[in-house]
Each structure stands twice: as C-alpha cells, then as structure tokens.
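The values are calculated or read from the model by the stated rules, or taken from the named source; none is laboratory data. Worth saying up front: this structure is predicted, and the values here are computed from it rather than measured. Every residue, glycine among them, receives a Cβ derived from its backbone with ideal geometry; neighbour counts consider all protein chains shown. With ligands, DNA and RNA removed, areas are computed over all heavy atoms of the protein, side chains included. Shrake-Rupley method; radii C 1.70, N 1.55, O 1.52, S 1.80 Å.
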Amino acid sequence: MIEDFATRLDEAATTRTPCAQLSVGYDLSLDEAYAVQRELAGRRLARGEREYGVKLGFTSKTKAAQMGVSDVIIGRLTSGMVLVDGGELDLRAFIHPRCEPEVAFRLGEDTGDGPVVEAVAPAIEVIDSRYRDFKFSLADVVADNTSAAAVVLGPWRPLDAGLDNRGVLLEVDGRLAGAGSTAAILGDPLRAIPAAVRLARRYGLPMPAGTVLLAGAATPAVALRAGTHVSATVSGLGRARFSVTPGPGGQ
C-alpha cells in the first residue's frame, strides 16, 4: 500500500497530472503518510537527486486552525528542487504551482542543544499539490511531501539579530501580492529549528550539518503565472527572486 501510494504521487508529479486524494476510500494514518513521503523521496534520490534540507508546514496559526491541526508537519527538500536566485522557473514542470515568502536557515553541527545556525536567508518556496484542485487532508499533504516543489534562496548572511517581527513582502512584477511579518512563522522563525529537529527524529528525516531548513510561510500563497517576475523581501535579510516561464514552445 505504501509503495502503491508513492507510485501514484510520483507519477502525478512526473506526468504533471493531478490525482485523487489517497484518503479517498482509505483511512490514511499520519505514520503511514510519513512512510509514503519517505518512499516518495527515495524515488527522487534514486534518480540522482541529493538530500538538501527540510521544510515545515502549518507554522501559521491561522492555517493550522483551518486544517484542524495542533502541530506542524515536516517535508523533505532535494537538490532537484533548488532554483538559483534570479533564475527561471518553467511552469511545464508543475501542475498548479503557488509561491510563498519564507525564512531559510543553514544549519551546522548539533551541539546537543540543537543545531547551530550558520546563516539565514530570505527564500521563496514553490508549493504544488499533486492532488486535484489543490485539496487534501492532513495525512494526504504529509504523504505528498507537504506539497514541496521548488525553492529559491536569497543571499546567506550571519544571524546577528532577532527575527521575531520583520516585515515580509511578496511582489509580482513589482506589485505587492502579499505582506506580513516573520511573527506569522510560529511567533518567531527560530522556533522552527527545535520543531524540525523533533519531527525529523520522530520520522527519520536526515538533518546533517549543511541542512537547509525552510521555517514556514509569512503570507498566504500566490498562484504563479507565466511571464511574471516574483520577489520576496525580508526586512534586514534581503531579497530572493525568480522569473516564471512557460518553457520552450509553451503558451
């Protein structure tokens, strides 16, 4: 069952064809969902990608309340999801992608009290549910690797000040598409680190030195359209950006 569900989600992603929720006709548990996620990530690694990092979901109290959950969820980032800052994102590689501004951490060795923060950066996560109509249950989204699809990281810099209330702007073609605060990320993005460590240990996600952690979204997600330029700015950290293309011969 785990392998069958992973196959369904992998085929949906690789063929860009949405599938039905796994929970339709089956009472998928959270432990089973994380097992599907692990199998799904393993297929990406078998195709030559590398472990890159982890990401948290439902770090916003509002979003968590909408889903009726009391804890965050964790997903996996692989090297094939990484887009260079200022690069181009080909819409043909996705089903119905959306983007969110985030804060990213590069983590060092675990000193026993948790991993050291080597650097922090502004980031944009591209999410792309493999389910029809972008609708899912909690277990469904965990199995689908928390809708992880792509990530753009801005410039890394040392963590030399607090992050609990910094302004965040998401712009499309220079126009404001979303505005918020880093406080929307668990009250303080730094709280994402112990949360990620806890969940990674529980569900067997690797977090070696050099791991990149996406702490969570600071504004609601915005749908992506071809021909647009997207940027996210976090006060005091800088900006991450990319352009959206339909790809060669695309519409």
Task: Candidates 234, 197, 212 - the one that is modelled with pLDDT of 95 or more, over 29 Å from residue 35 (Cβ atoms), crowded, with 18+ Cβ neighbours inside 10 Å and among the hydrophobic types (A, V, I, L, M, F, W, C) - done: 234
Task: Selection count, the stretch 109-126, where residues are assigned to a strand (DSSP E or B), more than 16 Å from residue 182 (Cα to Cα) and touching a residue at least 12 places away in the same chain (Cβ under 8 Å) - done: 7
Open item on the list: Looking at the stretch 74-84, can you tell me whether even one residue there is over 28 Å from residue 197 (Cα atoms), outside any strand (DSSP E or B) and open to solvent by 60 Å² or more (accessible area, probe 1.4 Å)?
Closed with: no
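I'd like to verify a number: residues in the stretch 215-231 that are over 17 Å from the mean Cα position of the chain (by Cα) and either open to solvent by 10 Å² or more (accessible area, probe 1.4 Å) or over 25 Å from residue 94 (Cα atoms) (or both), how many?
Here the count works out to 4.
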Open item on the list: For the stretch 127-173, give me each residue that is closer than 25 Å to residue 233 by Cα, open to solvent by 50 Å² or more (accessible area, probe 1.4 Å) and touching a Pro at 6+ places or on another chain (Cβ under 9 Å).
Closed with: 155, 164, 169
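Results for (1) touching a Phe, Trp or Tyr at 6+ places or on another chain (Cβ under 7 Å); (2) open to solvent by 40 Å² or more (accessible area, probe 1.4 Å); (3) more than 18 Å from residue 134 (Cβ to Cβ); (4) modelled with pLDDT under 95, shown as yes or no for each residue.
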{"residue": "1", "(1), (2), (3), (4)": "no, yes, yes, yes"}
{"residue": "8", "(1), (2), (3), (4)": "no, yes, no, no"}
{"residue": "14", "(1), (2), (3), (4)": "no, yes, yes, no"}
{"residue": "23", "(1), (2), (3), (4)": "no, no, no, yes"}
{"residue": "26", "(1), (2), (3), (4)": "no, yes, yes, yes"}
{"residue": "32", "(1), (2), (3), (4)": "no, yes, yes, no"}
{"residue": "35", "(1), (2), (3), (4)": "no, no, yes, no"}
{"residue": "39", "(1), (2), (3), (4)": "no, yes, yes, no"}
{"residue": "45", "(1), (2), (3), (4)": "no, yes, yes, no"}
